[in-house]
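One structure is given here, and the rest of the page talks about it.
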Amino acid sequence: MRTRGTGLAMASCAALLTTLLGGQVASATSHTAAAAPRDAPRVLTPYPEFSPDGNGVRDRLTVRYELPVATTVRIRVEPEEKTGIAPFEVGLGRQRAGRHAWTWNGRVGGRLVPAAYYRVHVVTPLGSDDAFAEADLEFDASLHVQHRYGARRSAVPKVYPRSVEVRDGVPLEVGGWSDGVRRVVVTFRDADGRVVLRRKVRLQDKWGGELVWEGRDGRGRPLPPGRYTATLSGKDRLGNRGASEPLRLWVSQDLLEWREETRTLLPQDVQVHPCFASTWPECWAYVAQGEVTPSARFPGGLTHRANPDPAISGRAESSYWVPVPEAVRGLHAVRVAFAGEPTVVGETDEGHLSTEAFRDDGVVVSSSSTAQTPWDEDHVFGDGQGWDSRSRRLPPGAWWEFWTTDDDAFDVATFTLDLRYLAVADQP
């Protein structure tokens, strides 16, 4: 919450500010004089930043401004957040027309101000202008697991360096959100705190980069099974140093193996609502208005009758989802086939199927009897879900959609689901 005040209330503060900031301290009265825009001061550095930590890198804030005419000038500083620092003013006296600069060491009463945003007003009897300054005292380091495959954020991610069929790894998102960070160091330690690996990461921009943790030492050998931690550290261009919170990791002694399986499924057993994966209320507005009912011809099947009314979304649409929690690295590929017949015998009505929702390159297969999609290697729920607070947390799983259009009616009897994924190998 923004803090507002009327200035320093005690006379002793005036002398202190005179010493610290330079110039005569003015009273904290508000300025009400009408100003002609052409004579008002103009700030030349509207968004300055500084880091008043005494390390010699941008320790002082400098606000540059221009005066169209000679006039008296005062500076008013107001914290934009609740910091415990009261607004204060500094009188600079009369200054000539032209460019000037005011410098502040980031201290009030000898105390370093906290990291926050500050509004710096350049005030004259002819008008005012301001700068939105940031006191940056922290290196905002960040280290996260890129894919959790539907697991909770509190779950410790595992890596399987002893796998033979694949070289396993856990991608980590590496970031130093402070502006100007280009290189950071990620340090991995075992449960006793010993360093087992260090990696320098050059960030592509201030938003971060990527590092793959393979559970191996500097020579590429698998580390002993057990608990490990990773910590990111670095320095930004303001001289701020910092480190992330330790990220917990686990090195497993198990092996990963490829699995490929086929499942034959009844539509009624795996059907879900189209909005099952989301809590967004807007989703319900896009539910198709056709009719989906249990099939009278195929036990466990579904009848899809499209609504031909052009005024509504008349598709008869059904959605399906099969969780595969054992896919520890998500689903590598998904393929689905359907079998069925037109609801009215002798008609040529078609059913349509796709596994590629939300993608412009989605492949749709259609038939009056049976059809199969190609392998989908970028499946919409293949890595699980936990994107935001309005998305339901889901393990890796296969999702697909079936529908009819126009005035078609089609009974789908079964689905055949093919899956490829990595799973923990059974112990001998």
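The values are calculated or read from the model by the stated rules, or taken from the named source; none is laboratory data. It should be emphasised that the depicted structure is a prediction, and the values quoted were computed from it without experimental measurement. Note that each Cβ is placed from the backbone with ideal geometry, even for glycine, and that neighbours are counted across all protein chains shown. When the accessible area is computed, the model is the full protein with side chains, heavy atoms only, and any ligands, DNA or RNA have been set aside. Shrake-Rupley method; radii C 1.70, N 1.55, O 1.52, S 1.80 Å.
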Inset, instruction - Would you mind checking which residues have amide H under 5 Å from Gln385's amide H? H placed 1.01 Å from N; only 5 or more apart, or other chain. - result: Gly150, Leu394
Inset, instruction - Starting from the Cα-Cα distance between Glu261 and Asp140, subtract it from 0.36 nm times their residue separation and give me the gain in nm to one decimal. - result: 39.1 nm
Legend entry - Solvent-accessible surface (1.4 angstrom probe) belonging to Arg305, in square angstrom, nearest 10: 100 Å²
Inset, instruction - Treating only the Cβ atoms of Lys and Arg (+1) and Asp and Glu (-1) as charged, compute the dipole magnitude of the range 28-179 about its Cα centre; round to the nearest 20 debye. - result: 120 debye
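Please report, to one decimal in angstroms, the Kirkwood hydrodynamic radius of the range 313-352 built from all distinct Cα-Cα pairs. All intermediate terms of the calculation are to be shown ahead of the outcome.
Values: mean 1/r = 0.0723 Å⁻¹.
The answer is 13.8 Å.
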Inset, instruction - Just subtract the alpha-carbon distance of Arg219 and Val424 from 0.36 nm times their residue separation and send over the number in nm, one decimal. - result: 71.3 nm
Legend entry - Point-to-point label distance, Thr62-Arg227, nm (Cα→Cβ direction, 7 Å offset): 5.0 nm
Legend entry - Paramagnetic label zone (point 7 Å from Cα along Cα-to-C-beta, Trp321; backbone N under 14 Å) in the range 144-160: 150-151
Inset, instruction - Can you pull the one-decimal nm distance between simple spin-label points at Gln289 and Asn55, each 7 Å off the Cα toward Cβ? - result: 6.2 nm
Legend entry - Proximal aspartates and glutamates relative to Lys158, as straight alpha-carbon distance under 17 Å, when same-chain residues fewer than 8 apart are discounted: Asp168, Glu173, Asp190, Glu214, Asp217, Asp254, Glu257, Glu326, Asp383, Asp426
Legend entry - ³J(HN,Hα) computed for each position of the range 209-224 - Karplus, 6.51 cos²θ - 1.76 cosθ + 1.60, integer Hz, glycine/proline x: x, 9, 9, 9, 8, 10, x, 10, 7, x, 9, x, 8, x, 7, x
Legend entry - Built amide H within the under 5 Å cut-off of Phe298, gap 5+: none
Inset, instruction - Beta carbons within 10 angstrom, averaged per residue: use that to sort the peptides 129-141, 262-274, highest first. - result: 129-141, 262-274
Inset, instruction - Binning at 5 Å from 0, report for the range 35-130 what percent of all alpha-carbon pair distances ends up in each bin. - result: 3, 13, 24, 23, 17, 12, 7, 2, 0
Inset, instruction - Just report the Cα centroid separation between the range 409-424 and the range 84-117, whole Å. - result: 68 Å
Inset, instruction - Quick one: which residues, 5 or more positions from Thr72 or on another chain, have an amide H under 5 Å from its amide H? H modelled 1.01 Å from N in the peptide plane, none for Pro or chain starts. - result: Gln95
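If you stretched the chain out fully between Ala296 and Gln95, how much longer would it get, using 0.36 nm times the residue separation minus the C-alpha to C-alpha distance? Could the numbers behind the result be given before it?
Numbers: separation 201, 0.36 × 201 = 72.36 nm, distance 9.15 nm.
Value of the extension gain: 63.2 nm.
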Inset, instruction - Report Ser142's accessible area, 1.4 Å probe, all protein chains in place, as a number in Å² to the nearest 10. - result: 10 Å²
